[in-house]
Structures are given as structure tokens and as C-alpha cells.
Amino acid sequence: MKKRTAVLISGRGSNMRSLIEAAKAPDYPAEISLVFSNAVDAEGLAFAQEHGIPTKALSHKGYAREAFDEAVDAILREANIELVCLAGFMRIVSAPFVKKWEGQMLNIHPSLLPSFKGAHAHEDAIAAGVRISGCTVHFVAAEMDAGAIIVQAAVPVEIGDTPAALAVRVLVQEHKLYPEALKLLASGKVRLEGGKAVFSD
Ligand code: GAR
């Protein structure tokens, strides 16, 4: 049985698209059963709808953080979701929500964690002068961008790079990396144990 997976987005949704495309393969172990957005006008919602994937949008505005996360959790349970992929979901998720989805929730971040956590990864990588950056898919932990790392891809930082140019180069790798990570989780080849990603054949 394919694992019922929700993708949580806030905007463009290009990583969501790469997951939807990958999950079309008959032997892919996850299916994208729901796309959720906290931004009701997120660009990615239209793509999901065009591909026949149920979507839900609920603005976080007017909600306390934990109350919003409870509402999101109810939406996910209602859709019988088993796995969650945060994909450009620009909200910090609360500790109780993380606990509920522990070991079943992934995030993609556009840097080689643990370097350059937060919302300005490319600016920070360039400012630090690193010559290699990249992207990371990790299990979500209560501390932002700090969960157990599953897979990473390295990307060169070119001389004179702007954050936008680096973001484009990293995004190409993100689109390969996220489907690979979800495949590992959905097929049981990686699991979270004692705060670490544990791999098996
Ligand atoms: C991606 O680069 C993702 O790694 C990043 O936002 C972008 C979303 O693009 N996420 C973060 O910075 C999380 N801290 P997308 O909506 O086209 O997938």
C-alpha cells in the first residue's frame, strides 16, 4: 500500500510539484493524497488541483500557533494522512504538532544543515563566503531546521553569486532530493530512532 502523504506549502510549490511527479511512478511507495496551504492564494494549489489532488487551504491569521496546528492536524487526520512533507511551508510548527508526527514528517531546507538555518539560507551562505552550499531533507524536530538529516546534496557557490542565482542552482537539486527522501521513508528504508536517521536495506 502506498503511504498517504500530505504536502504542506505556502507559495510557489515547486518542491510539491517534484513530489507529485515522482509519485506518479507505479512503484513509488507514497501517493500525494492532499496538498495543504496556510496561504489561501498559494500558487502551488492550482497545480495540485489540475493534477486531481485534493487541496485544503486555511489561513493562519487570527489563530494562536498551537490552535492553528491543531486545525491542520485535524485536516490531516480527516484525510487519513500517514506522512507529511513540509515543502516551502513558511511556518514554524509547534512542539505538540511535531510530537504527533514524529518520525513521519519531513522538511526540505536550502542549505547544508546544520549551517544556515532559518529563512535566509542563501544570503547567509554567501555572506559567510562558503564555496559549497546545497540542500537537506530532514525529519522535523521541535527546534527549527535541527531534525535528523536523511539526505543532502552539495551545490557550488560561484564567485559573484547572488542569493537568487544560488537559489536557482540549489532548487534543481532540491527537486531530485525530496522525492528520494520521501521514497526512503515511505518504503521503510529510513526511520527516526533516538533522534537519528537509521537506514536499512
Ligand atoms: C525551497 O527552496 C525550500 O527549500 C525553501 O523554500 C523554497 C520553497 O520553494 N524552504 C525554506 O527556506 C524553509 N526554511 P517551493 O515553494 O518552490 O518548493
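Inspection of segment 82-99 identifies at least one residue that is of a type in the set (A, V, I, L, M), under 25 Å from H175 (Cβ atoms) and open to solvent by 20 Å² or more (accessible area, probe 1.4 Å). Scan segment 19-48 for residues that are open to solvent by 20 Å² or more (accessible area, probe 1.4 Å), out of contact with any helix residue (DSSP H, G or I) (no Cβ under 8 Å at 6 or more places or on another chain) and hydrophobic (A, V, I, L, M, F, W, C) and the total you get is 4.
Out of all the residues in segment 4-15, which are open to solvent by 70 Å² or more (accessible area, probe 1.4 Å) and more than 8 Å from the ligand (Cβ to nearest atom)? Passing the criteria: only R4. The C-beta contact set for segment 188-201 (first residue β-branched (V, I, T), second residue surrounded by fewer than 11 Cβ atoms within 10 Å (Cβ to Cβ) and outside any loop (DSSP other than H, G, I, E, B), distance under 8 angstrom, 6+ apart or interchain) comprises V190/F199. Of the helices (runs of 4 or more DSSP H) contained entirely in segment 16-134, those carrying at least 3 residues that are within 12 Å of the ligand (Cβ to nearest atom) and modelled with pLDDT of 95 or more fall at 43-50, 121-128.
Could we say that H138 is touching a Gly at 6+ places or on another chain (Cβ under 6 Å), under 19 Å from P179 (Cβ atoms) and of a type outside the set (A, V, I, L, M, F, W, C) here? Yes. Which ones in segment 94-114 are of a type in the set (F, W, Y) and in contact with a strand residue (DSSP E or B) (Cβ under 8 Å, 6 or more places away or on another chain)? Selection gives W101 alone. Within segment 111-133, residues that are open to solvent by less than 80 Å² (accessible area, probe 1.4 Å) reach no partner that is of a type in the set (F, W, Y) and assigned to a helix (DSSP H, G or I) with beta carbons closer than 8 Å at six or more positions or on different chains. Take A154 and decide whether it is of a type in the set (G, A, S) and either in a loop (DSSP other than H, G, I, E, B) or away from the ligand (no atom under 13 Å from the Cβ) (or both). Answer is yes for this residue.
The values are calculated or read from the model by the stated rules, or taken from the named source; none is laboratory data. These numbers were taken from a predicted model, which means no experiment stands behind them. Glycine also receives a Cβ, built like all others from the backbone with ideal geometry; neighbour counts cover every protein chain displayed. The area values use the complete protein model at the heavy-atom level, side chains included, leaving out ligands, DNA and RNA. Shrake-Rupley method; radii C 1.70, N 1.55, O 1.52, S 1.80 Å.
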